[in-house]
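Shown next, in structure tokens, is the structure this report addresses.
Every number in this text was worked out from the coordinates using simple rules, so none of it is lab data. As the structure is a computational prediction, the values presented were derived from the model and not from experiment. Note: ideal-geometry Cβ built from the backbone for every residue, glycine included; neighbour counts use all protein chains shown.
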Amino acid sequence: MRRLIIVGLGVASAALIAFGCGSSGGEATAQVSRAQFMKEAKAVCAKTQPKFVVAFHKSAGLADFSDRAAALLKQEAKGLEDLAGPEEVEAKFEPLIENMSKVSAAVAREGKKGLEDPAIPAYKQEAKELGLGAC
């Protein structure tokens, strides 16, 4: 009988651990390390940047390219924004994402004139300082 109680307690403990006893019931999110976050951020940029080159070569001119560029910048900013990592690292990315979004909106709104937006050099500098040379 004593053995049965001990086994029962062991099973109950394992079940509580497996099902997250005491959790808030919300979706569990695993926070990645700074190094993993940076790796994922670089992957977002590396995935998007070649699309700019292709879009440029397929475009009939700057006006056509600006439409494609606006969508790609928006996609790249969203990809970076969707990454989850340490709060202090995410905070460093906020100005970059904000400037990328500004440029995307300006290019979508103003066409090729938006390609002269002052937020472009700002986000390029921020990307460089964050170690994201490809963004």
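Structure summary
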{"read-out": "Positive minus negative residues near Gly111 (Lys, Arg vs Asp, Glu; Cβ under 13 Å)", "value": "-1"}
{"read-out": "Kirkwood Rh and Cα Rg combined as Rg/Rh, segment 36-129", "value": "0.98"}
{"read-out": "Alpha-carbon centroids, segment 68-101 and segment 110-126: separation in whole Å", "value": "15"}
